[in-house]
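The values are calculated or read from the model by the stated rules, or taken from the named source; none is laboratory data. Keep in mind the model is a prediction, meaning the values are calculated, not measured. Cβ placement follows ideal geometry from the backbone for every residue including glycine, while neighbour counts extend to all protein chains displayed.
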Amino acid sequence: MVESPFLSDPVISIKGLRKSYGETEAVRGIDLEVNRGEVFAFLGPNGAGKTTTVEILEGYRKRSGGEVTVLGEDPERAGREWRERIGIVLQSGRLDPYLTVRESLDLYAGYFRNPRPTEDVIGLIGLEGKADERASRLSGGQQRRLDVGMALIGDPELLFLDEPTTGFDPSARRQAWDVIAGLRDLGKTVFLTTHYMDEAQRLADRVTIIAAGEIVARGTPEDLGERASGETTIRYRSNGREVVLRTQSPVQTLHELTAKALAQGEALEGLEVTRPSLEDVYLELTASTEPAE
Ligand SMILES: Nc1ncnc2c1ncn2[C@@H]1O[C@H](COP(=O)(O)OP(=O)(O)O)[C@@H](O)[C@H]1O
Ligand SMILES: [Mg+2]
């Protein structure tokens, strides 16, 4: 099969990437491609090798082996022009607590030749009401959004977000998710690492799961869900009692169930069909690799 060059336009291409820290093999020969304009989730438990990989892609770490191309260049050799095309949100922020949101962004904009207007960025991260607040007075979630703003100020094509919502409460996570979803709408390519499967499921076009330095699964969130060995679950209430059916052939089972219900005039109250989720696959694939803590 001949693939159209327009369908895949890799912004990131990795072949046989390896990284060792002394005796520790953190990344053990991984391959992956990220296409332009997609939100790509690199999902895996703590210690899987996510940050190591991201830092190699950003040009902050040297690899032990393999080939890496990011925006057409090898990150180990790329220069300033290349660096201005990428935006980075580190696992721990770099905010000056005494500067306001607007001052922080203005200061950082000075490092770029073609920055995105500060007010524009403030809108993208949803901090309009906090523009004159010092960073130290923002909530954790607002600080993280400002981190994303710092990465956006240079108007990069490609953003790296390393565990953007770790430690957040549910409302801060949802706000951060909105910001990340907005990046896709802007046409940015986003490389997101996370150890939360719901985050990957919610945001990503494609997911690659890494465990102990090796890729264990990849696909769209839906594809990965289908790969789970678990069965589809059908629930409904009958005479006030909850009925739960598990089946490998949901279409057949639903057909039989609804045909019977129609014939008997039964309502199948609260009918619900749940397919195996990415979470099921993730837990299955990474169960043995979570470090004992
Ligand atoms: N600078 C370092 N020196 C030695 N070992 C490291 C270093 N950074 C990471 N590691 C080890 O490499 C493995 C992968 O770590 P990391 O890439 O941070 O994983 P993740 O981001 O998925 O949690 C872990 O076993 C970690 O302890
Ligand atoms: Mg990490």
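With respect to being within 11 Å of ligand 1 (Cβ to nearest atom), among the charged types (D, E, K, R) and modelled with pLDDT of 95 or more, residue 33 falls outside the description.
One line per residue, one yes/no per condition, for (1) more than 16 Å from ligand 2 (Cβ to nearest atom); (2) under 9 Å from the mean Cα position of the chain (by Cα); (3) more than 24 Å from residue 52 (Cα to Cα); (4) in the same structural domain as residue 21 (by TED's automatic domain parsing):
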{"position": "155", "(1), (2), (3), (4)": "yes, no, yes, yes"}
{"position": "160", "(1), (2), (3), (4)": "no, no, no, yes"}
{"position": "165", "(1), (2), (3), (4)": "no, no, no, yes"}
{"position": "175", "(1), (2), (3), (4)": "yes, no, yes, yes"}
{"position": "181", "(1), (2), (3), (4)": "yes, no, yes, yes"}
{"position": "185", "(1), (2), (3), (4)": "yes, no, yes, yes"}
{"position": "189", "(1), (2), (3), (4)": "yes, no, no, yes"}
{"position": "192", "(1), (2), (3), (4)": "no, yes, no, yes"}
{"position": "211", "(1), (2), (3), (4)": "no, no, no, yes"}
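Of the numbered criteria (1) modelled with pLDDT of 90 or more; (2) farther than 30 Å from residue 21 by Cβ, the one residue 171 fails is (1). Considering every residue within region 86-94, establish whether at least one is buried (at least 18 other Cβ atoms within 10 Å of the Cβ), in a loop (DSSP other than H, G, I, E, B) and either more than 16 Å from ligand 2 (Cβ to nearest atom) or at pLDDT 95 or above (or both). No, region 86-94 contains no residue that is buried (at least 18 other Cβ atoms within 10 Å of the Cβ), in a loop (DSSP other than H, G, I, E, B) and either more than 16 Å from ligand 2 (Cβ to nearest atom) or at pLDDT 95 or above (or both). Does residue 59 satisfy the criteria of being more than 14 Å from ligand 2 (Cβ to nearest atom), of a type in the set (Gly, Ala, Ser) and over 25 Å from residue 20 (Cα atoms)? No.
Out of everything in region 200-226 that is among the charged types (D, E, K, R) and touching a strand residue (DSSP E or B) at 6+ places or on another chain (Cβ under 7 Å), what residue ends up being farthest from residue 165 (Cα to Cα)? Out of the qualifying residues, it is 214.
Is it true that residue 236 is farther than 22 Å from residue 39 by Cβ and of a type in the set (Phe, Trp, Tyr)? Yes: the conditions hold for residue 236. Assess whether residue 199 counts as being within 20 Å of residue 26 (Cα to Cα), within 16 Å of ligand 1 (Cβ to nearest atom) and of a type outside the set (Lys, Arg). So residue 199 fails the test. Considered as a group, the residues in region 225-244 that are within 16 Å of residue 280 (Cα to Cα) and of a type outside the set (A, V, I, L, M, F, W, C) include one that is modelled with the lowest pLDDT, and that residue is 229.
Mind checking which residues of region 103-117 are part of a helix (DSSP H, G or I) and farther than 22 Å from residue 184 by Cβ?
103, 104, 106, 107, 108, 109
Scanning region 272-284 for any residue that is basic (Lys, Arg), assigned to a strand (DSSP E or B) and either at pLDDT 95 or above or surrounded by 14 or more Cβ atoms within 10 Å (Cβ to Cβ) (or both) turns up nothing. Going by the structure shown, is residue 54 more than 14 Å from ligand 2 (Cβ to nearest atom) and either exposed (fewer than 15 other Cβ atoms within 10 Å of the Cβ) or in the same structural domain as residue 200 (by TED's automatic domain parsing) (or both)? So residue 54 does not fit the description; no.
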